[in-house]
Structures are given as structure tokens and as C-alpha cells.
Amino acid sequence: MPGLSADAVDTSVTQAELIRRARAGDPTALAALYDRHGDALFRACRRLTGSAADADDLVHDLFVGLPEALGRYEERGTFEAWLERVAVRLALMHLRSKRRRREVPLEAAAGTAARYRTDERIEGEDLDRALASLPDPLRAVFVLKQIEGYSHREIAKLLGITDGASRVRLNRALQALREALG
Amino acid sequence: MFLRLTHPSLEQLSRFAEAADDDRFRMRLAAHLERCQRCRNAVAFLRRLGGAVERLPAGDAPRGLRERILSDRTAGARAILPTADPVRVAHRPALRVAGVLLAIGVGVMLFARGPEAVAFGASGELVLRPAHPMRGATISVTYRPGGLLEGQRPLVLRARYRTAADEEYNSGIATHTVATLEGAGRTRDARFTLPDSVVYAVFAVEDTAARIIDDNSGRYWELLVTDGSGKPLFEALDQRGHDMMGRNWEEGFATAQQMIRDYPNRIEAWSRLRAFHGWTGTLDDSVAAFHRAKAREFAATFASRADLSDIELGYLAWYAYTAGDSTLAAEWRARLMREAPSNEFAVQWRLVEILKRLWSMGDTAAALDAFEALWPEAATRSAQVARYAGGIAWRTDNPALIRRWSERLIRHDRDPRATSRAVATRYTRLPALRAEGMTRLRNAVAALDTLRPEDRRLGETVEEALARQDAARRAALAALGPALLAEGRRGAGLDTLALAVERGWDLALFRDVAAARLEAEDTIGALGMHALVAADPRNGAAVIDSLMPLIRSSVGDAWWRDRLHQAQDAFRARMLARTKSRPVEMRARVEDARGASYELGDLLRGRTSLVVFWSRFCAPAVEALPLVDSIAAILTERGTQVLSIVEHKPSADLDAFMREQALSMPVYHDVRQEAGHAFNQWGTPAYYLVDAQGYVRFDYANPVDELIAQAEALRLEAVALGR
């Protein structure tokens, strides 16, 4: 693909300039924005959906659609925050639109209830699996609040629920994680 | 705030652990913690959880994703992104659940409501007697045509029959020609006998050429088999719910409520209701708590029964799980696994256990052995088991294993012919199975040359069915072509690819064939495909810009301009080939927010239009609004007008909602329900592309990417016709 090698990306270019160029359809600018933000967005999508495959599709669609979407970026707040919110909305839409069958989620690790332990360290991989096993609505609130740092008010707006519902879901998520991890 | 006698929630303790609250709250909590070991343990857990969050695996984006994004973008792929927050769905007051019983009462009302005879109705009236038949009953039919089928003789009655064993959604459910409706006067009559196995049926009426169909505004006409007293069988209600999946979520919800009313002791009914609460956006905290309490109530009853069936056991474990009571779910799931390991929910959980062991141990062979051991008990979960096992088998590259699980999937999946084609396509990518895949694809292409009556869906015209079948045929050819090229048969491969793209409009197919042609060193053929891609209005100038070096070095500007011009003509012709053409009654009236009345003709005549039906109370419709508004902005810019129609009267609440969302498309109010009937609309959301003469040419249940291209094709048609 001519002109798109990573070596050609100039890391000294400001983000504002990259946004301007990406908005105009410049593929090298889009590549540079991916290099700056792609991994973080992938991690957020993966934690929200519980699936690396889904996160791959979502990040793909996000950057494929980004140049046109930048026409609606009004430069209020940071670009990172705006971009992450778009990714979060995409992930939440994906969770809502999954075809409903009476199936346990593939990554469900609703395993045996653990005795409550007070002293053992929880490994990151264990938490990762336990998160994947949570029902979508609970996982979404936990990830947005405890990992991505959104407030309950912001979460409520993203999910279309009340602040109170966000708190209740977080509580249930914490209970479920405690059952799984002790 | 919390009482001295109760414990703070984990969420409150979490705020304490993070030092995230004011001093007074922290002091009260600290005082409680001094006295309470239980909560101290909880805080210790939350602090360990916080540490684990810091150690979550980094999980960077996979290799190759960047290149795929850039490559697809250059090839013209686009996506519309949600740049605005979704809106909260308002709940109809009658459905807000202060108690589920209230909703059940309302559910009966919804369920009983039928279509009203209104002016401008294109649909006729179909009467089925007896209206509440028993199994195997003989049914008399009387049909009075409306505008759609007036003057047509004879007419055909077709049905979709459902047995107690049929699944959710309607793909793969066969349709049947039931009777010929004949008569010299205003009505047409017939008789037929319901098969004994049928518990639920929906009907539509059509002309003998299957070009005009009366589907009762999308509702169809229906029969539920009863117990003789007029009460629908549980299985009939269950199948109605399955039939409504993807058709009308409110009716599905109403059916679930009816199941509760008529069969309050059937746990399957409560499990279904819980699912619909989730799908319709009505699962607030009080409803969730209600379901948890109901699950515990069933558990207490079931615990004392010696005659518990496997089905009840499975459903209780599942209901407890979906209700969110993890302790109860674990208890009943353990009992399910001990006492009924072949129950469908048990099989599903056993499948998950196999996958968990695979993820932790990485032993593919052991996983496949476990699936083989599970297979004899898979029963209703056979397709699910075969799909997952097949996915693992593909990783082994072992043709025998791949073939075994693929054949099982084909046998048990709901649409065996489509699954067989998908399997055959995958076979062509593995050298050891390529020949077999090619044979299957050739057979599939031949089979798709003929439209079998049972494959034409209820409500689908012959043209629509042929178009759908042709799309499947083209996809099979597009898979066969590269397989022939891989075998070294260049001429046959390129000819097959040419057949794959000679009709229809499928951007992904054009790109795939362009890549295959380029790989086969057929640069001119590849550029011909790229011209089609470039002609699609969804693609920007970047598509052409990226091709210019290749164009100039191989064919020259003049050739490209000529090809692009042909491709633009082809775009319009192919996009509009085989579309429906259903007239809209232009005298139907709607009102704007000020109460001014408009006929649809005033709004639609002379312009290509997208008409969007939505409802403030419909979760899927409301969630789609930001995306639809983005599409509307694109269409308006290109000359297609977009307007939306809601069922509600103007109100301060709706005004506030519209202002908050800053929707750009105008909203009209269907206060007399004339517009809904004029469009044959049932349920929301619903989207209609209307040409400048007032005919619906495309309709959708979801806003699809092709909508933009189809609108552009209609606009170009109007320009060409001088309108």
C-alpha cells in the first residue's frame, strides 16, 4: 500500500494537525491516530465486550469510519476522551444488538463459588476471566467505572439508565466478582 | 446513608476503599467497620480487586489490524459511528412494572388487539373459523380483498406452520401453500386441515403469480391451537413468541405476559418474560428484583417436589442465572448436572466447561474428545455443539475431523442449504478439502437456479425470493472462482468470477473479485471491478486516488473514465433491479407539531424520500435514532429528503425529547393511524425508501448501509426520468 508504512508517520506532528488531515481523508494521518490510540481503544472494547474477536471488529469499524465522524468532533474536551466515548458507544451498541438466544455467553466462566479469602492476591488473568463471565450490563458498568474511570452520571448517559441504576449494577458486579474471586 | 443495623453495599464500600467520598460518610463507614468483621473482609477484597485491575493483561490490538483498517479504508469501506449518546427509552405507563401483574393485565389487552378497519387500508380481511381450533382441525377461510388484491382471481393462501419443537426466529421455517381461495362475489373462500403437529400458524394471501402479497400490514393472520376451551396451548403461545422474534418485540413481550397469565406455574413462561424484559429495555431494578424473588419462590416449591422434570430443573437453573441470583443458580445448576446432564441447559453448560478447559490447558485434542463424548446427548443443542467443535476442528487442519463436525453442523443447523454453502466455501481454502468444497459449491449453484416453493418466505414475492437466491448464488460463484484459480485453472476461474459479478450490487464481492483478479494477473478485470466500487456513492474520492498510479500505468485515463461512466449506469440499473414497487396511499394524513394537517402526497410526491417510523416507547427505535439522524444528514446532502413519523400526539415531553436529541429530520404525527396503514407498517422501527412517484421500493427493519446507495440510485432514476 503506497505511502502508508509506519516509518512514514511523523511522530512530531501535533494531534490537532493529524485530526485535520484525517478528516480530509489522509490515510497517513489515520494511521498515525491508530498508532497513538489503537491499543488503548482495543483494550477498552475487549473489556467491555469480553471478547477479543469483538474488540477487533469494533476497533476496525471505528477507524474505518473515523474520518467522516471527525466532522462531528466539536473539540470540546480532549480528543482521547471523545474517541473513547465513540468506542464505548460502539461496544455498547454491539452488546445490545447481539442476537438473543438462550445461550450462555461463550466466555462465561460462572464457575464454582469461591470461599471468601481475605489474603490471597488476585491475579490480573483471573480478574480478566471473571469479567468476561459477567452479564453484559454488569460488566459494562464495572469496566466503565472501575477501569475506564467514568462517573456514574457519565455511565448513566452512555447506557441510557439512571445514576441509581448504575450504582446498583456496579454493586451487583462487585458481588458477582467476589463470588468468583473470593 | 445506611442504617446502623444493616451493612453498607459493596458499591459504598468501594467508594470507601478508593477514598472517594466526603469525610462525614467516611467517618460513619469507618465506625461501622470497627465493629464489623464481615465488612472489613469486604473492604479487603475490594482493595485486592483494585490491585488486580492494575494487573489486568495489557492485551494490545492484534497484529495486522492496522493494515486491515487502512486497506479496507482505501478500498472504499466506510462505517457510520455513534457520535452522540443514546437516549433513554420512555416506558409506556402501562408497562412500567410497579408489579409484574399490572403488566400482565395490559399484556392481555395488547395481545387481543387486532388491526382496525380504517380508510386507506391496502390489506383485506381474512376470517378463519374456528378462530380457536384444536389440533388437526379443519378450518374454513373467508377473504375479502382490499386495495392490494382487489380484482385478482383466484388467490392463494400460504402459511408458516410452527410445531412445538421449532426454534426462535423464522429463518429455516418452511412455508406451505395451504389452499386456493375462490369465489365469484366480493369474498373468496377455501377450507384446509391443520396438520396435527402444528400449534401456531401465520397466513398471507397472494395472487397466483406471487407478485402481490397481502400480509395484513406485516402482522399476517394467525391461529393458535387451543385446548378446546378456547385457551391457547402453552406450546402455541411459546411458538408465537418465537415467531415474533425480530418481527415485533412488543407483541413478543405481550405473548410472554399472556403465558404468565394463562400458565403462572410454568417456569418456562417466567424465564421467557425475564428475557423480554431485557430485550425491550423494561428491566429496571424493581423488575430485576421481582425476578430474583420469583426464582427463589420456584426454588422453594421445586425443592419439595419428588416429581421434578428435567425441563423444570433446567429452566430453574437458567432462570436463576439470568435473574442474577448466582448462589441459587450455582445450587440448581449443580443439581441439574447431577440429575439431568442431557438437559439442553446442562449440555450448554457442559459445552462451556469444555471451552474453559481448552482456554486454560490449550489441549485441542482433549477438547475434541470431550465434544465427541458430549455429542450423543446434544439433542436440541446439536447445532451449537457442532459449531463450536467445528471451530476447534478447523484449528487442527485435520480433514477427517473437519469433515465430521462440518457434516454434523449441516445436518442440524436450521438452514442446511446455507450452512452447506458456508462449509463448502471454507473447504475450498484447505487443499485437502478443496475438491470436495468445489463440488459442493457447483451443486449449490445449480440448486440455486431453481426457486423451490418452500424456500419462498411468507410475505416475500417471487421477485424478492429470486433476488435473495441470486445473491446466494453469486456468493457461491465468488468462492468457487478463487478455488479454480488455486487449482491452476485460470480461464475457468476468471470466467466463474465474471459470472459472480454479472448481476446484483455487492461491494464486498466486487472487492474480493478485484483482489482475486489482480492476483491472477488480470489487471484490466481487476480495474473493471474497482470501477464498480468507485461508482458506489458510499465511497469517496480516496478510492479512485489510490488507484490512479495503477490506472495510468496499465489502461490510461480515457479507458478509466469510460469504465467509470459504464459503472455508474450499472450502479443505478443493478441497484434497482428486482425491487418491490408498492404504492403508498397519498391521501393518508399526518400532522406536524402545530397540528397542521398534511397529506402524504404533499410531503412525498416528486422527491425521493426516506420515511422513518419510530416510537418514543420502542427501545430499538430510540437507540437507532442517533445513527438514523447521521444517515439522514448524508441523504439530505445528496438530495433525498428524510422525514419521520411517530404514533404519538404532539406533547411537551416529546418536544423536550426532540430538542434534547437535536434530531435534524422533521417529525410528523400519525394521529389517525392513516400513515401506518398507508405504508402497511407494523411495529417500530421501520424504514421505507419511497421513489418520486410514491412507491415504496425498499423497506427495512434496521438502518442498513445499503440504504444510502439505494437512495442514491432512486434519486438518479428520478433525475433520468426528468422528475
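Look at residue B:623 and say whether it is surrounded by 17 or more Cβ atoms within 10 Å (Cβ to Cβ) and either aromatic (Phe, Trp, Tyr) or touching a Phe, Trp or Tyr at 6+ places or on another chain (Cβ under 6 Å) (or both).
Details: surrounded by 17 or more Cβ atoms within 10 Å (Cβ to Cβ): yes; either aromatic (Phe, Trp, Tyr) or touching a Phe, Trp or Tyr at 6+ places or on another chain (Cβ under 6 Å) (or both): no.
Judged against the criteria, residue B:623 is not a match.
Which residues, taken from the range B:283-320, are part of a helix (DSSP H, G or I) and touching a Pro at 6+ places or on another chain (Cβ under 9 Å)? First the steps, then the outcome.
To start, the set of residues in the range B:283-320 that are part of a helix (DSSP H, G or I) comprises B:285-303, B:310-320.
Passing the criteria: none in range.
Examine the range B:409-431 for a residue that is part of a helix (DSSP H, G or I) and farther than 29 Å from residue B:166 by Cα, and state whether such a residue exists.
At the first step, the residues of the range B:409-431 found to be part of a helix (DSSP H, G or I) are B:409-412, B:416-427, B:431.
Applying the additional criterion that residues be farther than 29 Å from residue B:166 by Cα yields B:427, B:431.
Scanning the range B:409-431 turns up at least one residue that is part of a helix (DSSP H, G or I) and farther than 29 Å from residue B:166 by Cα.
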Per-region count, the range A:130-182, residues under 17 Å from the mean Cα position of the chain (by Cα) and of a type in the set (Lys, Arg)
3
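From the set of residues in the range B:249-266 that are hydrophobic (A, V, I, L, M, F, W, C) and surrounded by 23 or more Cβ atoms within 10 Å (Cβ to Cβ), which is farthest from the chain's Cα centre (by Cα)? Talk me through it step by step, then tell me what you get.
Taking the range B:249-266 and keeping what is hydrophobic (A, V, I, L, M, F, W, C), we get B:249, B:253-254, B:256, B:259-260.
Then keep just the ones that are surrounded by 23 or more Cβ atoms within 10 Å (Cβ to Cβ); that gives B:253-254, B:256, B:259.
Details: B:253: 16, B:254: 19, B:256: 19, B:259: 23 Å.
Per the stated criteria, the residue is B:259.
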Looking at the range B:61-84 only, could you name the residues that are in a loop (DSSP other than H, G, I, E, B) and either under 26 Å from the mean Cα position of the chain (by Cα) or more than 7 Å from chain A (Cβ to nearest Cβ) (or both)?
B:63, B:64, B:75, B:76, B:77, B:78, B:79, B:80, B:81, B:82, B:83, B:84
Pick from the range B:172-208, criterion farther than 23 Å from residue B:150 by Cα and in contact with a Lys or Arg (Cβ under 6 Å, 6 or more places away or on another chain), ranking: nearest to the other protein chains (Cβ to nearest Cβ)
B:172
Subset of the range B:1-37 that is at pLDDT 70 or above and among the polar types (S, T, N, Q) - its residue that is farthest from the chain's Cα centre (by Cα):
B:37
Of all the residues that make up the range B:565-588, how many are assigned to a loop (DSSP other than H, G, I, E, B) and acidic (Asp, Glu)?
1
From the set of residues in the range A:77-96 that are without any contact (Cβ under 8 Å) to a residue 12 or more places away in the chain and either in contact with a Ser or Thr (Cβ under 6 Å, 6 or more places away or on another chain) or more than 12 Å from chain B (Cβ to nearest Cβ) (or both), which is nearest to residue A:15 (Cα to Cα)?
A:78
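Being buried (at least 19 other Cβ atoms within 10 Å of the Cβ) and closer than 26 Å to residue B:579 by Cβ: is that true of residue B:425 here? Give the steps one after another, and end with the answer.
Numbers: buried (at least 19 other Cβ atoms within 10 Å of the Cβ): yes; closer than 26 Å to residue B:579 by Cβ: no.
When the stated conditions are applied, residue B:425 does not pass them.
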Quick one: residue B:156 ticks every box in (1) touching a strand residue (DSSP E or B) at 6+ places or on another chain (Cβ under 7 Å); (2) among the hydrophobic types (A, V, I, L, M, F, W, C); (3) under 24 Å from residue B:242 (Cα atoms) bar one, so which box is it?
(3)
Do we find a residue being within 14 Å of another protein chain (Cβ to nearest Cβ), closer than 20 Å to residue A:132 by Cβ and surrounded by fewer than 17 Cβ atoms within 10 Å (Cβ to Cβ) anywhere in the range B:304-319?
no
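Among the residues of the range B:611-670 satisfying the criterion of being acidic (Asp, Glu) and within 14 Å of another protein chain (Cβ to nearest Cβ), which is farthest from residue B:711 (Cα to Cα)?
Keep residues of the range B:611-670 that are acidic (Asp, Glu), which gives B:623, B:629, B:637, B:647, B:653, B:655, B:660, B:670.
Now narrow it down to the ones that are within 14 Å of another protein chain (Cβ to nearest Cβ): B:623, B:629, B:637, B:660.
Working: B:623: 22, B:629: 15, B:637: 12, B:660: 28 Å.
Looking at the filtered set, the residue picked out is B:660.
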For residues in the range A:97-128 being facing chain B (nearest Cβ under 8 Å) and outside any loop (DSSP other than H, G, I, E, B), which is modelled with the highest pLDDT?
A:127
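The rows are residues; the columns are (1) modelled with pLDDT under 85; (2) more than 35 Å from the chain's Cα centre (by Cα); (3) more than 18 Å from residue B:74 (Cα to Cα).
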residue: B:474; (1), (2), (3): no, no, yes
residue: B:483; (1), (2), (3): no, no, yes
residue: B:500; (1), (2), (3): no, no, yes
residue: B:507; (1), (2), (3): yes, no, no
residue: B:518; (1), (2), (3): no, yes, no
residue: B:526; (1), (2), (3): no, no, no
residue: B:536; (1), (2), (3): no, no, no
residue: B:544; (1), (2), (3): yes, no, no
residue: B:571; (1), (2), (3): no, no, yes
Can you pull out the residues in the range A:130-155 that are facing chain B (nearest Cβ under 9 Å), in contact (Cβ under 8 Å) with a residue 60 or more places away in the chain and under 16 Å from residue B:11 (Cβ atoms)?
A:147
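Mind counting the residues in the range B:589-637 that are over 29 Å from residue A:92 (Cβ atoms) and either in contact with a Pro (Cβ under 7 Å, 6 or more places away or on another chain) or not in a helix (DSSP H, G or I) (or both)?
16
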Test: residue in the range A:156-164 that is facing chain B (nearest Cβ under 7 Å), at pLDDT below 90 and touching a Leu at 6+ places or on another chain (Cβ under 8 Å):
yes
Six or more apart or on different chains, Cβ atoms under 8 Å: show the pairs whose first residue is in the range B:335-350 and within 11 Å of chain A (Cβ to nearest Cβ) and more than 19 Å from residue B:167 (Cα to Cα) and whose second is in a helix (DSSP H, G or I) and of a type outside the set (D, E, K, R).
B:349/B:336; B:349/B:337; B:350/B:337; B:350/B:374
In the range B:57-77, the residues that are surrounded by fewer than 19 Cβ atoms within 10 Å (Cβ to Cβ) and not hydroxyl-bearing (Ser, Thr, Tyr):
B:57, B:58, B:59, B:60, B:62, B:63, B:64, B:67, B:68, B:72
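Does the range B:531-560 hold any residues that are touching a residue at least 40 places away in the same chain (Cβ under 8 Å), in a helix (DSSP H, G or I) and not aliphatic (A, V, I, L, M), and which are they? Give the steps one after another, and end with the answer.
To start, the set of residues in the range B:531-560 that are touching a residue at least 40 places away in the same chain (Cβ under 8 Å) comprises B:533-534, B:536-540, B:542-543, B:546.
Still in the running and in a helix (DSSP H, G or I): B:533-534, B:542-543, B:546.
Listed by number, the list holds a single entry, B:546.
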Checking the structure you have, find out if any residue of the range B:359-382 is within 14 Å of another protein chain (Cβ to nearest Cβ), surrounded by 15 or more Cβ atoms within 10 Å (Cβ to Cβ) and hydrophobic (A, V, I, L, M, F, W, C).
yes
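The values are calculated or read from the model by the stated rules, or taken from the named source; none is laboratory data. Quick caveat, the model's predicted, so the values are computed rather than measured. With ideal geometry, Cβ positions are generated from the backbone for all residues, glycine too; neighbour counts draw on all protein chains shown.
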